[in-house]
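The values are calculated or read from the model by the stated rules, or taken from the named source; none is laboratory data. All values reported here derive from a predicted model rather than from experimental measurement. Positions of Cβ are backbone-derived with ideal geometry, glycine not excepted, and every protein chain shown enters the neighbour counts. Quick note on the areas: whole protein, heavy atoms, side chains included, nothing else; ligands and nucleic acids left out. Shrake-Rupley method; radii C 1.70, N 1.55, O 1.52, S 1.80 Å.
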Amino acid sequence: MAGPVSPGSGPVRLLVLGAGGRGAHAYAQWCLEHPEAARVVAVAEPDAERRDGLGDAHAVPADRRFTGWQQALSTRGPWDAVIVATPDRDHVDPTLRALELGHHVLLEKPIAPTAEELHRLTVAARGSAGTVTVAHVLRYTPFFQTLRRLLDEGRIGELQGISHIENVAYWHFAHSYVRGNWHRTDQSSPMLLAKACHDIDILRWLVGSPCTTVASFGERRHFRAEHAPKGSTERCIDGCAVADTCPYNAERLYVDQLADVDGPPVTVVTNDTSVAGRRRALRLTDYGRCVYRMDNDVVDHQTAALRFGNGVTASLVVSAFTAWNTRTLTLMGSHGQITADMRSGRISLATFADTPPTVEGRRTDETFQVGTGSQGVVDEVIEAFSGHGGGDAGLMLDFTGRVRRWLSGEDVEAAPSSLEESVESHLVAFAAERSRLNRTVEEL
């Protein structure tokens, strides 16, 4: 059985657990694009079509195409690291087993669906030769790294507060959190954890201090049976009377609007992306069901108020009811502010000393010239990379580079999204859920 690679001997060899949207289309795809850095040498996936699809794309031998993680991790195999991209409820056990075998692990978020499971993993990880890097990909994006740099440079003085909105987009929420894998807490995790542990983590990173207090409100307000329009049907393709006007019409989304897409989100719905395959899936799977007739129980909007140890406060809004799928922020400092939109990549900085007051009844020229600093405003546009704004690629580059250095016997500092760094965001998410359910203010 082959052992770890020797220093400089070739690409890092990876076992991928889970051949879904993250395992196959984000991380494994990156390996195809960067064969000098990493390659997939084994896959574990219960769905035969997805397992063989990834296996064929990466020329994985038949004896390394496993039906489950237990089989793949029965012994230490001929790979250097493990990517855990299984469903949320199956994150902890395969990670524990990989650590037991001494592997370095890239773990898809969330780390664990409950505080108890999170504790079990963190305790076990302390005594392991392997390490865990959590896929909090926002830390690896040029967009958020620029925001962090501007704060570190003191460009807006001392940070006082942040307004952060996770605009999920109406169609994306319906796809993932009404019809999809994260539509029930008992099958995955609370919506704030599943969707926004990214955002809580990045707030912690930007603020530079632990969160100490959380209060949160949210509910499943819209996607309920009583809001089903008159004439709607169990499935969108069953002759729904409001199909032409309903924004959540699955047939229009998956067959018409995404007709030219052969990857996610269509491949989450069906492996057969032909028109016939898409229509068949709408008749057989939850992705074709009316959003008002699902068994979903997760909130469709939530707001959390956070106070950090250094006195900075932040509001986090996560909502299904937005047109664009993006993150928008306002960072408020003692001497200026930054507004930013991840979708467009635009970051605008205004310093108070150079920004004239806007007073009612007084005419003010509010046309700012990009990049010149006129009226105290400096604009910067970060290239809009695909894959979480370039975070997926940044994470993979960082992780595989660290694995290579570990295998070479070098001392390697912890990853930006190490397990230790990432646990805090989950504890905040759990506290926010307790606050939401119990109408309490939670101290951490």
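Okay, here's what the table says:
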quantity: Farthest toward positive dipole pole in the chain [+1 Lys/Arg, -1 Asp/Glu at C-beta], among Pro78, Trp182, Leu419; calculated: Trp182
quantity: Solvent-accessible surface (1.4 angstrom probe) belonging to Arg346, in square angstrom, nearest 10; calculated: 90
quantity: Rounded accessible area per residue of segment 9-78, 1.4 Å, Å²; calculated: 42
quantity: Size of charge dipole - the chain - debye, nearest 20, with Cβ of Lys, Arg +1 and Asp, Glu -1, no other charges; calculated: 600
quantity: Furthest towards positive pole of dipole, Ala48, Ala115, Leu32, structure part segment 24-117, Cβ charges; calculated: Leu32
quantity: Compactness relative to 2.2 N^0.38 Å, alpha carbon Rg of segment 169-219; calculated: 1.34
quantity: Sulfur and carbon atoms: percent of accessible area, segment 1-133 [1.4 Å]; calculated: 51
quantity: Length released on extending from Glu116 to Asp272, taking residue separation times 0.36 nm less the Cα-Cα span; calculated: 52.3 nm
quantity: Cα→Cβ-extended label distance, 7 Å offset, between Asp56 and Ala414, nm; calculated: 4.3
quantity: Portion, in percent, of the accessible area of segment 140-298 that falls on carbon or sulfur, probe 1.4 Å; calculated: 48
quantity: Sequence of Ser209, Ser163 when ordered by accessible area, the most exposed leading, probe 1.4 angstrom; calculated: Ser163, Ser209
quantity: Accessible surface ranking that places the most exposed of Glu108, Glu424, Glu36, Glu153 first, with a 1.4 angstrom probe; calculated: Glu36, Glu153, Glu424, Glu108
quantity: Extended-chain gain in nm, criterion 0.36 nm per residue less alpha-carbon gap, Thr233 and Arg405; calculated: 56.3 nm
quantity: Mean accessible surface per residue for segment 153-301, computed with a 1.4 Å probe while every protein chain stays in place, in Å²; calculated: 41
quantity: Distance between segment 426-444 and segment 218-258 - C-alpha centres, whole angstrom; calculated: 32
quantity: Sorted peptide list for 95-105, 17-27, criterion being average Cβ within 10 angstrom, highest first; calculated: 17-27, 95-105
quantity: Inter-label distance, nm, simple model (7 Å from Cα along the C-beta direction), Ala124/Thr67; calculated: 2.3
quantity: Rh by Kirkwood over Cα pairs, then Stokes-Einstein D for segment 1-92 at 0.692 mPa s and 37 °C, µm²/s; calculated: 252
quantity: Axial C-alpha extent at least 27 Å, average Kyte-Doolittle at least -1.0 - helices from the chain (DSSP); calculated: 419-438
